[in-house]
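Take a look at the structure below.
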Amino acid sequence: MPFASTERTALIVVDVQPDFMPGGTLACHEGDAIVPGIARLLRARRFRHVVATQDWHPPGHASFASSHPGTQAFQQIDLHGHPQTLWPDHCVQGTPGAALHPGVDWSAADLILRKGSDRQVDSYSGFRENHGPHGTRPATGLAGWLRERGVDEVLVCGLARDVCVLWTAQDAQAAGFRAGLLWELSRPVTPASDEATRATLAAQGIALVRLDD
Ligand code: VGL
Ligand code: ZN
């Protein structure tokens with residue numbers, strides 16, 4: 001995708017938090033490898049609008065296997081009539097693992113969007129919650145926040161490539177933004193998912209963007 005950094009392009013940095021790093025409770029493969037690049041990108045102030053999302057769950061969150069006796073992490077269950085992967089406890093509000101990663105200077109972020117704070121419903125994407133008791137994927141307001149600032153293109157990076165980054169890029173595209181994924185500045189929970197992620201992006205017209213493009 002031809003990428004000229006303009007006022008109309010926003011960078012969305014998804015869930016760069018210690019719990020998603022190696023050694024964290026829900027580690028992404030090589031998750032720490034993207035931290036210096038993202039730090040550099042924010043320092044360069046190449047984007048007028050930078051949104052950081054922060055996974056932010058209360059204790060006992062419905063996405064935690066520990067909240068469903070007899071289940072194990074990475075198992076799928078039915079939640080509110082839709083498939084839900086159960087995760088190890090992660091990004092519990094106020095814990096060090098839920099902080100925005102200390103290796104990045106977040107001053108350039110003009111919006112920090114917390115998600116997943118309703119105990120009953122998960123929220124992978126920055127744009128919409130997952131299916132929950134309050135209906136079909138309620139919007140977070142991020143699309144309006146961007147649109148009212150004249151943004152029509154978003155570039156997504158962060159963690160995890162196969163979960164929250166992917167869902168955020170897909171929802172951006174569905175909301176009418178041109179969407180690109182900064183592949184090198186993302187890492188997956190499950191590396192074996194990369195091929196399926198690439199295929200999904202290609203099928204939906206979401207561009208793979210290199211930083212120096
Ligand atoms: C994420 C699983 C559960 C992510 C968040 O940031 O990709 N994955 N919560
Ligand atoms: Zn989560």
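Based on DSSP loop calls and a cut-off of at most 15 other Cβ atoms within 10 Å, the longest stretch of the chain free of exposed trypsin sites (Lys or Arg not before Pro) is what? Formally, the longest exposed-site-free interval is 47-118. Calculated mean residue ellipticity, 222 nm, the chain: -5000 deg cm²/dmol, from DSSP H runs (n ≥ 4) at -39500 (n - 2.57) each, averaged per residue and rounded to 500. The chymotrypsin sites (Phe, Trp or Tyr not before Pro) of the stretch 46-141 meeting both criteria, a DSSP state outside H, G, I, E and B (loop) and at most 15 other C-beta atoms within 10 angstrom of the site's C-beta, are PHE74.
All other residues whose Cβ lies under 10 angstrom from that of ASP171 are scored, Lys and Arg at +1 and Asp and Glu at -1, for a net of +2. Once the GluC sites (Glu not before Pro) in DSSP loops with at most 13 neighbouring Cβ atoms within 10 Å are cut out of the chain, the longest remaining piece is 31-147. Amide hydrogen proximity for LEU79: with H placed 1.01 Å from N in the peptide plane, the residues at 5 or more positions away or on another chain lying under 5 Å are GLN84. Computed from phi, the 3J(HN,Hα) profile of the stretch 93-99 under the Karplus parametrisation 6.51, -1.76, 1.60 (θ = phi - 60°) reads 3, x, 8, x, x, 9, 5 Hz, with x in place of Gly and Pro.
Between ALA174 and ARG46, the contour length at 0.36 nm per residue exceeds the alpha carbon distance by 43.6 nm. What angle do you read, to the nearest 10 degrees and between 0 and 90, between the alpha-carbon axis of helix 194-204 and the longest principal axis of the chain? Orientation of helix 194-204: about 60 degrees from the principal axis. GLY126's amide H: which non-local residues (gap 5+, or another chain) put their own amide H closer than 5 Å, with H modeled 1.01 Å from N in plane and none for Pro or chain starts? Under 5 Å from the amide H of GLY126 lie the amide H atoms of THR168, each far enough along the sequence or on another chain.
Under a Gaussian network description of the chain, with springs only between Cα atoms under 10 Å, the residue in SER63, SER107, SER117 that fluctuates furthest is SER107.
In whole percent, and with a 1.4 Å probe on the protein chains, what portion of the accessible area of the stretch 1-105 is carbon and sulfur? Accessible surface attributable to carbon and sulfur in the stretch 1-105 totals 54 percent.
Relative contact order of the chain, taken over Cα pairs closer than 8 Å and 6 or more residues apart, is 25 percent.
Summarised in one figure, the compactness ratio Rg/Rh of the chain, Cα atoms and Kirkwood Rh, is 0.94.
The values are calculated or read from the model by the stated rules, or taken from the named source; none is laboratory data. For clarity, every value in this text was computed on a predicted model and none was experimentally measured. All Cβ positions, glycine included, derive from the backbone under ideal geometry; neighbour counts span all protein chains shown. Heavy atoms of the whole protein, side chains included, go into the accessibility calculation; ligands, DNA and RNA do not. Shrake-Rupley method; radii C 1.70, N 1.55, O 1.52, S 1.80 Å.
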